[in-house]
Ligand SMILES: Cc1cc2nc3c(=O)[nH]c(=O)nc-3n(C[C@H](O)[C@H](O)[C@H](O)COP(=O)(O)OP(=O)(O)OC[C@H]3O[C@@H](n4cnc5c(N)ncnc54)[C@H](O)[C@@H]3O)c2cc1C
């Protein structure tokens with residue numbers, strides 16, 4: 001019998017869980033098993049400052065190596081967790097290792113969707129953006145004058161487009177849906193972000209899918225698009241969403257539906273196994289959601305740490321997110337799932353504005369574009385459960401402070 005906590009996944013949530021337990025003075029043995037070769041690091045800069053070459057990798061690390069030693073956290077890098085034996089409470093790793101656990105935490109994150117090989121997805125020069133290796137390969141490709149095709153007009157695709165333009169590339173974004181950001185933001189937000197990119201000479205082609213990539217000697221050279229046109233390209237970035245890494249849990253017989261199912265304490269269908277971060281599906285307002293954000297990975301991991309340490313407080317997410325594109329900061333508070341109404345409000349600075357989301361007349365989220373005041377106000381409203389006065393919000397000259405009462 002051991003009380004060892006084994007954490008699978010050395011990423012945002014895995015690190016936050018270990019760090020919070022130590023901050024709570026929990027002294028149980030902790031082992032983190034991570035597939036990547038580097039210590040846990042933050043991913044957001046991979047399509048922002050790191051890809052721009054403005055941030056060294058060391059600055060992405062949550063903590064330097066000695067932190068793990070000083071805090072008695074064993075970390076096994078370049079190690080793939082292959083199987084969970086729930087009956088004997090053991091984790092098996094691909095290198096033949098067997099780890100006994102008292103508690104197991106799955107923080108395995110998510111994997112970018114790839115294009116099938118039948119349409120050229122396996123050609124050289126076709127990339128996704130998930131980890132340091134991807135970002136390093138992309139940085140090598142990003143040389144002025146080259147032509148990049150970005151497939152998918154979501155946050156990852158648009159951030160990559162911004163970096164590529166900054167580095168002097170010719171950039172085309174194709175989006176199969178009617179508009180960019182279709183899955184994550186309102187039309188108003190998409191309209192503003194489209195203009196921001198077009199003003200910087202990014203070509204955005206909406207309602208345009210990929211038929212297939214064309215290769216020469218194993219490397220992508222062109223893309224045939226759904227409108228019948230062909231585009232010559234030097235390389236391609238695929239940003240078409242992610243799938244949760246729930247295979248390990250599924251094979252162990254845990255409840256899995258597009259992510260590992262957990263309760264409000266982060267517990268899976270096996271009470272000694274927890275899951276959190278991108279790989280977990282959690283209860284939310286009577287339904288279930290999966291959140292792909294730093295906020296959720298950290299807050300959920302910290303909430304689970306408190307539970308493992310003996311607490312009993314449920315995790316109630318207060319989602320927030322951000323995306324940096326050029327000098328534009330998009331900040332999002334709340335979760336706009338199921339919105340049925342939006343309101344656009346201009347900010348006090350040139351180019352600043354906010355889009356407010358409502359569902360059944362209830363305020364649920366705000367997108368703030370270069371508008372920190374709208375973001376902070378929206379976040380406070382959501383945290384305190386106040387439904388803002390619509391007349392005040394609609395009055396473009398009113399002070400947002402009034403909304404907080
Ligand atoms: C390029 C990029 C930009 C982003 N920008 C933003 C942003 O601006 N704002 C924001 O809020 N969020 C952003 N995100 C999302 C955010 O980074 C993720 O939501 C967050 O990292 C999730 O944390 P996690 O711990 O669940 O997963 P991760 O941080 O992905 O960590 C999971 C780890 O588990 C490892 N793993 C998986 N399976 C196994 C196994 N079987 N054995 C061993 N190891 C395993 C993986 O290799 C990985 O290292 C971005 C993500 C990316 C990729």
- Task: Taking the residues in the range 249-272 that are under 23 Å from residue 128 (Cβ atoms) and touching a helix residue (DSSP H, G or I) at 6+ places or on another chain (Cβ under 9 Å) as candidates, determine which candidate is farthest from the ligand (Cβ to nearest atom).
- Result: 256
- Note on the structure: Among 351, 378, the single one that is at pLDDT below 95 and within 29 Å of residue 45 (Cα to Cα) is 351
- Message: Considering only the range 346-368, I want to know if a residue exists there that is out of contact with any strand residue (DSSP E or B) (no Cβ under 7 Å at 6 or more places or on another chain) and outside any loop (DSSP other than H, G, I, E, B).
- Response: yes
- Note on the structure: Here the residues within the range 352-372 that are in contact with a helix residue (DSSP H, G or I) (Cβ under 6 Å, 6 or more places away or on another chain) and surrounded by fewer than 21 Cβ atoms within 10 Å (Cβ to Cβ) are none
- With respect to residue 59, is the statement that it is under 30 Å from residue 168 (Cβ atoms), away from the ligand (no atom under 13 Å from the Cβ) and either touching a residue at least 12 places away in the same chain (Cβ under 8 Å) or not in a strand (DSSP E or B) (or both) true? yes
- Message: I need the full set of residues from the range 315-349 which are more than 16 Å from the ligand (Cβ to nearest atom) and buried (at least 21 other Cβ atoms within 10 Å of the Cβ), in order please.
- Response: none
- Note on the structure: So, first residue farther than 16 Å from residue 44 by Cα and in the same structural domain as residue 102 (by TED's automatic domain parsing) in the range 8-20, second residue assigned to a helix (DSSP H, G or I) and more than 6 Å from the ligand (Cβ to nearest atom), Cβ within less than 7 Å, six or more apart or across chains; the pairs are 17/301; 17/304; 17/305; 20/301; 20/302; 20/305
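Condition first: out of contact with any helix residue (DSSP H, G or I) (no Cβ under 6 Å at 6 or more places or on another chain) and modelled with pLDDT under 95. Can you find one or more residues in the range 4-19 that meet it?
no
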- Task: Scan the strands (runs of 3 or more DSSP E) fully inside the range 77-195 and keep the ones with 1 or more residues being farther than 25 Å from residue 282 by Cα and within 12 Å of the ligand (Cβ to nearest atom).
- Result: 90-93, 98-100
- Restricting the first residue to the range 159-187 and requiring it to be at negative phi and touching a residue at least 40 places away in the same chain (Cβ under 8 Å), which pairs with a second residue that is surrounded by fewer than 19 Cβ atoms within 10 Å (Cβ to Cβ) and assigned to a helix (DSSP H, G or I) meet a Cβ separation below 7 Å and a spacing of at least six or different chains? 163/52; 166/52
- Note on the structure: Taking the range 38-53 and the residues there that are under 27 Å from residue 18 (Cα atoms) and part of a loop (DSSP other than H, G, I, E, B), the one that is nearest to the ligand (Cβ to nearest atom) would be 43
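The values are calculated or read from the model by the stated rules, or taken from the named source; none is laboratory data. Since this is a predicted model, take the numbers as computed values, not measurements. Reconstructed Cβ throughout: ideal geometry from the backbone, glycine too, with neighbour counts over all protein chains shown.
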